[in-house]
Amino acid sequence: MIDMHQLTKVPERLERGSRADGGLDLDRTELTRYLDFCTEMLSLVGKSAALFAEHTTDGDVLDAVEGIEALTSDMARKVWQKIGIIQQQG
C-alpha cells in the first residue's frame, strides 16, 4: 500500500510542524523525498500490473491492468503537482 498520509488538497498543512497540529513532522526536503518515493512506488505498481498481463489475451485482465496503469499514472501526476507546489513555496 502506498500511504501518502492522505495529504490535504491544500499545501498549508506543510506550515504545521507537529502531528499534534495536523502536520507531518517533515521539513520540505523530507516531504519532497517522501513524495518522490511515493511516485516510485506508484510506478512499480503500474509496471508490475503490466508484467502480470504480458502473456495474456484475457480481455478482463487487460482492462484491469489498463485501469491500474491509468490510476497509478494519474496519482503520480497529482503527487508531482504537490512536489511542484512545495518547491515554489520554498
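The values are calculated or read from the model by the stated rules, or taken from the named source; none is laboratory data. Quantities reported herein were computed from a predicted structural model and do not represent experimental measurements. Quick reminder, even Gly has a Cβ in these numbers, built from the backbone with ideal geometry, and neighbours come from all protein chains shown.
Restricting the first member to segment 35-48 and to residues that are touching a residue at least 40 places away in the same chain (Cβ under 8 Å), and the second to residues that are small (Gly, Ala, Ser) and buried (at least 17 other Cβ atoms within 10 Å of the Cβ), the beta-carbon pairs closer than 6 Å and six or more apart or on different chains are Thr39/Ala76; Leu42/Ala76.
Filter segment 29-81 down to the residues that are of a type in the set (Asp, Glu) and part of a helix (DSSP H, G or I), then identify the one that is surrounded by the fewest Cβ atoms within 10 Å (Cβ to Cβ). Here the residue is Asp60. When Gly67 is tested against (1) more than 17 Å from Gln89 (Cα to Cα); (2) modelled with pLDDT under 90, only condition (2) is not met.
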